[in-house]
Amino acid sequence: MIKIIELTVLSLLLSETALAAVIIKRTESNYPDGNPREVVYFLKDEEVARESFDEEGNISRLGVMPDGVVEEYYDSKTIKVKSRFKNGRRNGRTREYYENGKPKALINYVDGIKNGKTREYNENGKLEKKINYENGVKSGLTREYDANGKIEHGWNYRDGVLEGVSYRYFSNGMVRWEEGYRVGKKQYRKKFSKKGRMISKKEYE
């Protein structure tokens, strides 16, 4: 009985070690536009999977990529992307970085598709955008920020197109203009002064 328990504990420890192992992603060749042509995945210095992309972005894969954390690095050896994969697809948070080490983006995936909140940053690590995705398309409020971290735009989306009311702001936080959309088509636009007084309104057919 003791031996069975010991073997069970050992097998659990081995499985946890395998899950904790980091998979390294390396891009071996690119197309002239910078998009990847050939990508290879390594686990403990051994190739486990290889992806080939055609010019339309379609993928063919050889090998099986284990579930776990996948990291990609710049030529300078600094971290570029850190993702978690399950069943060969991104699942959970993906973190992207600039070569200077500052965060570039924080993206949530479900089965390889963007879902939930995404944050994008400039090269100084300042927040630039907050975007919400549903099944890979923008849905809900997207916020854009200026270099000082103040909100600059607020866009409302439904199924990837503008819907409802969107805003642009002055640096003092007051609304600069307001626009109404229906299925991506602009319905009206209002302009305001820095003190909040409406100075013009235009309607669109």
Within 10 Å of each residue's Cβ, count the other Cβ atoms and sort 166, 76 from fewest upward.
-> 76, 166
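Grab the DSSP H runs of the chain that are 4 residues or longer, score each as -39,500 (n - 2.57), total them, divide by all residues and round the 222 nm result to the nearest 500 deg cm²/dmol.
Taking each H run of at least 4 residues, the total per residue is -3000 deg cm²/dmol.
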If each part is reduced to its alpha-carbon centroid, the stretch 148-197 and the stretch 63-87 end up apart, in Å, by 38 Å
Output ³J(HN,Hα) for the stretch 153-161: one whole-Hz value per residue in order, computed from phi by the Karplus curve 6.51 cos²θ - 1.76 cosθ + 1.60 with θ = phi - 60°, and x for Gly and Pro.
-> 9, x, 10, 9, 10, 9, 6, x, 10
Mind listing the phi-derived Karplus ³J(HN,Hα) values for the stretch 129-144, rounded to whole Hz, using 6.51, -1.76 and 1.60 with θ = phi - 60°, and x for any glycine or proline?
-> 9, 10, 10, 10, 10, 10, 6, x, 10, 5, 8, x, 8, 10, 10, 10
Toward the positive end of the charge dipole of the stretch 83-192, about the Cα centre and with charges on Cβ (Lys, Arg +1; Asp, Glu -1), which of 153, 116, 172 goes farthest?
-> 116
Enumerate the calculated ³J(HN,Hα) couplings along the stretch 189-205 in order (Karplus 6.51 cos²θ - 1.76 cosθ + 1.60, θ = phi - 60°), each rounded to whole Hz, writing x wherever the residue is Gly or Pro.
-> 9, 10, 10, 10, 7, 5, 9, x, 8, 6, 10, 6, 8, 10, 9, 10, 7
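Inverting the mean 1/r over all pairs of different Cα atoms, compute the Kirkwood radius of the stretch 20-66 and quote it in Å.
11.1 Å
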Please report the relative contact order for the chain, taking Cα pairs under 8 Å with a sequence separation of at least 6, and give it as a percent rounded to a whole number.
-> 8 percent
Is the shape of the stretch 53-171 best called rounded, prolate or oblate, per the rule: a/c under 1.5 gives rounded, else a/b larger than b/c gives prolate, else oblate, with a ≥ b ≥ c the square roots of the Cα gyration tensor eigenvalues?
-> oblate
Rounded tilt (10° steps) of 2-20 against the dominant C-alpha axis of the chain = 40 degrees
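Among the trypsin sites (Lys or Arg not before Pro) in the stretch 21-104, which ones are in a DSSP loop with at most 13 other Cβ atoms within 10 Å of the Cβ? Mind listing them? Provide the component values of the computation, followed by the final result.
Numbers: sites: 25, 26, 37, 44, 50, 61, 77, 80, 82, 84, 86, 89, 90, 93, 95, 104; in loops: 44, 77.
Those satisfying the criteria are 44, 77.
Given charges of +1 on the Cβ of Lys and Arg and -1 on the Cβ of Asp and Glu, with all other atoms neutral, how large is the dipole of the chain about its Cα centre, in debye to the nearest 20? Can you show the working numbers first?
Numbers: 41 positive and 32 negative charges, 346 e Å.
Value, rounded to 20: 1660 debye.
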Taking a cut-off of 28 Å between Cα atoms, list the lysines near residue 185, but don't count ones fewer than 8 places away on the same chain.
-> 114, 117, 129, 130, 138, 150, 194, 201, 202
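Which whole-number percent is the relative contact order of the stretch 160-205 (Cα, under 8 Å, 6+ apart)?
Relative CO of the stretch 160-205 lands at 29 percent.
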With a ≥ b ≥ c the root eigenvalues of the C-alpha gyration tensor of the chain, is it rounded (a/c under 1.5), prolate (a/b larger than b/c) or oblate?
-> prolate
Sparse-neighbourhood loop sites, chymotrypsin sites (Phe, Trp or Tyr not before Pro) in the stretch 26-58 - DSSP loop, at most 14 other Cβ within 10 angstrom | none
Could you tell me which of 57, 32, 70 has its Cα farthest along the dipole of the stretch 26-78 towards the positive end, charges placed at Cβ (Lys, Arg +1; Asp, Glu -1), taken about the Cα centre?
-> 70
Is the stretch 59-110 best put as rounded, prolate or oblate by its Cα gyration tensor, with a ≥ b ≥ c the root eigenvalues, rounded for a/c under 1.5, and otherwise prolate when a/b is larger than b/c, oblate when not?
-> oblate
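Here, each number is a calculation from the coordinates, and none is a lab measurement. Nothing here was measured: the structure is a model prediction, and the numbers come from that model. Note that we place each Cβ from the backbone using ideal geometry, even for glycine, and neighbour counts take in every protein chain shown.
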